[in-house]
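Inspection log for the structure reproduced underneath, given as structure tokens.
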Amino acid sequence: MSTAPAPRRVLAVIPAFNEAGKIGAVVRKIPRDVATGILVVDDGSTDATAAEAAEAGAEVLRHDRNRGVGAAIRSGIEHGRASGYDIVAVVAGDDQHDPTELSAIVAPLVAGTADFVQGSRRLGGERANNIGMFRQVTTRVYTLLFRLASGYPCTDATNGFRAFSLSIFDDRRIDTAQEWLDRYELEPYLFYKAVTTGKRVTEVPTTVFYHAAGTTKMKPVRDWWRILRPLVFLRLGIRR
């Protein structure tokens, strides 16, 4: 007699830095019938982010200083692996994503048809509320550069709403422990590595909400280079 496979355990990882006033709403929107666990990684916030997240029902892991979104996601991945989860889904702590779409993000992973799922605000039509012209242009340009560097025909390479099977980290070619990935580098690194190491990658439509102009924590030039350099370094073999 065959036995049904065990349900796959999903950890929603929410990196957060000074997101008091938003983080509680994000945690409460996570569908509990999809996420087995919810982890907020408080990246050295100086406000009430940790307390608000805990009050909303999340487990909180706190960095003693601000290390960067890449380091926060890494901490979430490490926690997920150590705690026996099968899948990590990364959700923005600033309420830009729609957590109710978590089911669609993890569905290909739960079904065993994908190893890495990238959310796309452009697949099947524009799903970016209140996006400005500058972001329209820069996100499309970056996506084109990602396609050229990786060979994967994605429609949205900068969307932070994504999920992946933790088994991909059994592949030693994917090394997230490198310090140069601490800031904005880790997310494009993961996407690029998933593609170029032969993992099954797919996109699903998701929605992005831009609440107000000027709310991004990214700094011009310096942080733009941080999201670009994984493509340059990996394509040229400067980093691994």
Collect the residues in the stretch 75-107 that are touching a Leu at 6+ places or on another chain (Cβ under 9 Å), surrounded by fewer than 19 Cβ atoms within 10 Å (Cβ to Cβ) and not in a helix (DSSP H, G or I), keeping them in residue-number order.
83
Does residue 193 satisfy the criteria of being surrounded by fewer than 16 Cβ atoms within 10 Å (Cβ to Cβ) and not aromatic (Phe, Trp, Tyr)?
no
Please go through the stretch 21-41 and give me each residue that is closer than 20 Å to residue 70 by Cα and in contact with a Ser or Thr (Cβ under 6 Å, 6 or more places away or on another chain), ordered by number.
23, 41
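Give the residue that is surrounded by the most Cβ atoms within 10 Å (Cβ to Cβ), with candidates limited to residues of the stretch 35-50 that are part of a loop (DSSP other than H, G, I, E, B) and touching a strand residue (DSSP E or B) at 6+ places or on another chain (Cβ under 6 Å). Lay out the reasoning, then the answer.
Within the stretch 35-50, the subset part of a loop (DSSP other than H, G, I, E, B) is 35-36, 44-48.
If we keep only those that are touching a strand residue (DSSP E or B) at 6+ places or on another chain (Cβ under 6 Å) too, we end up with 35-36, 44.
Working: 35: 23, 36: 17, 44: 16.
Restricting to residues being part of a loop (DSSP other than H, G, I, E, B) and touching a strand residue (DSSP E or B) at 6+ places or on another chain (Cβ under 6 Å), the top hit is 35.
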With the requirement that a residue be surrounded by fewer than 20 Cβ atoms within 10 Å (Cβ to Cβ) and under 17 Å from the mean Cα position of the chain (by Cα), what does the stretch 61-74 give you?
61, 67
Result of the Cβ filter at 6 Å on the stretch 80-101, keeping first residues that are of a type outside the set (Phe, Trp, Tyr) and partners that are part of a loop (DSSP other than H, G, I, E, B) and crowded, with 23+ Cβ neighbours inside 10 Å, at least 6 apart or interchain, is 93/19; 94/19; 97/91; 97/161; 99/91; 101/206
Spot the failing condition for residue 66; the list is (1) modelled with pLDDT of 95 or more; (2) assigned to a helix (DSSP H, G or I), and only one is missed.
(2)
Would you mind finding the one in 164, 169, 191 that is out of contact with any Cys (no Cβ under 6 Å at 6 or more places or on another chain) and assigned to a strand (DSSP E or B)?
164
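Results for (1) out of contact with any strand residue (DSSP E or B) (no Cβ under 7 Å at 6 or more places or on another chain); (2) surrounded by 15 or more Cβ atoms within 10 Å (Cβ to Cβ); (3) in contact (Cβ under 8 Å) with a residue 24 or more places away in the chain; (4) more than 26 Å from residue 37 (Cα to Cα), shown as yes or no for each residue.
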| site | (1), (2), (3), (4) |
| --- | --- |
| 143 | yes, yes, no, yes |
| 161 | no, yes, yes, no |
| 167 | yes, no, yes, no |
| 185 | yes, yes, yes, no |
| 229 | yes, yes, yes, yes |
| 239 | yes, yes, yes, yes |
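Of the residues 16, 20, 53, only one is touching a residue at least 40 places away in the same chain (Cβ under 8 Å), closer than 22 Å to residue 209 by Cβ, crowded, with 16+ Cβ neighbours inside 10 Å and among the aliphatic types (A, V, I, L, M); which?
On the way: 20 fails: touching a residue at least 40 places away in the same chain (Cβ under 8 Å); 53 fails: touching a residue at least 40 places away in the same chain (Cβ under 8 Å).
Within the list 16, 20, 53, the selection yields 16.
The values are calculated or read from the model by the stated rules, or taken from the named source; none is laboratory data. Source: prediction; values computed, not measured. Please note: Cβ atoms are built from the backbone with ideal geometry, for glycine as well, and neighbour counts cover all protein chains shown.
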